[in-house]
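Peer 1: Attaching a single structure in structure tokens format; questions to follow.
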């Protein structure tokens with residue numbers, strides 16, 4: 001009885017707050033290039049920003065690695081109602097089974113995602129699941145982080161989870177794809193793991209400092225993170241079509 005009640009409450013909190021959030025995506029071309037290639041990819045992000053991530057990536061059929069403990073049982077109900085698939089496993093229980101299921105989804109053309117420091121930390125320390133999946137499947141890792149202008153931070157929680165306030169602004173930084181050779185040895189795997197950790201820390205720092213910057217500073221970052229091809233293209237006065245990831249409501 002407890003699991004469905006918790007799941008229903010969390011789902012409706014997301015459904016109420018989610019449509020009021022105003023997203024901006026910086027580095028969106030890094031995600032678009034993967035979509036344009038027709039490849040599936042491995043999304044990697046910190047557990048701290050799972051709320052806005054669940055909203056912005058909903059209804060895309062993305063498979064999420066889900067824990068098998070009590071929290072995982074109600075979480076699974078929530079994310080499946082939001083249009084995600086689930087693979088059961090974690091870093092401590094069912095890890096092999098979960099990663100195997102994720103690999104099958106990737107090979108079938110489905111995107112997957114990992115809260116890479118989950119399910120219980122250490123906070124902001126990337127676990128090797130994404131790099132292992134990338135080597136096994138040859139698929140790219142897409143690292144991102146979402147910062148919020150106004151949110152309640154649960155400071156006593158292991159992940160310092162953030163619950164956005166209604167009508168908060170949100171910014172998502174998407175890093176360039178990271179690829180791992182399928183024949184990578186242990187030394188290359190260590191290098192790629194360090195690359196993922198550094199990318200996560202970089203986009204987190206940018207996203208979480210975004211709303212403390214001046215507009216000129218934000219414009220500078222937008223330019224720095226713009227598609228290199230567009231920087232040198234002739235100016236087109238018509239506005240670009242918004243990318244799929246910036247959809248704000250159903």
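Coordinate-derived values only; no laboratory data. Computed from a predicted structure; not experimentally measured. Positions of Cβ are generated from backbone atoms using ideal geometry, with glycine treated the same way; all protein chains shown enter the neighbour counts.
Peer 1: What's the total number of residues in segment 83-121 that are part of a loop (DSSP other than H, G, I, E, B), closer than 20 Å to residue 7 by Cβ and either in contact with a helix residue (DSSP H, G or I) (Cβ under 6 Å, 6 or more places away or on another chain) or without any contact (Cβ under 8 Å) to a residue 12 or more places away in the chain (or both)?
Peer 2: Qualifying residue count for the region: 2.
Peer 1: What number of residues within segment 18-32 are over 23 Å from residue 218 (Cβ atoms) and surrounded by fewer than 19 Cβ atoms within 10 Å (Cβ to Cβ)?
Peer 2: The qualifying residues number 1.
Peer 1: Hey, can you tell me all the residues within segment 131-157 that are in a loop (DSSP other than H, G, I, E, B) and in contact (Cβ under 8 Å) with a residue 40 or more places away in the chain?
Peer 2: Filtering segment 131-157 down to residues in a loop (DSSP other than H, G, I, E, B) leaves 138-140, 149-150, 154-157.
Once the filter is applied, which keeps residues that are in a loop (DSSP other than H, G, I, E, B) and in contact (Cβ under 8 Å) with a residue 40 or more places away in the chain, segment 131-157 yields 138, 139, 140, 149.
Peer 1: Name the residue, out of 13, 78, that is in a helix (DSSP H, G or I), out of contact with any helix residue (DSSP H, G or I) (no Cβ under 8 Å at 6 or more places or on another chain) and more than 16 Å from residue 142 (Cα to Cα).
Peer 2: 13
Peer 1: When you look at residue 41, is it surrounded by 20 or more Cβ atoms within 10 Å (Cβ to Cβ), under 25 Å from residue 228 (Cα atoms) and under 16 Å from the mean Cα position of the chain (by Cα), yes or no?
Peer 2: Yes.
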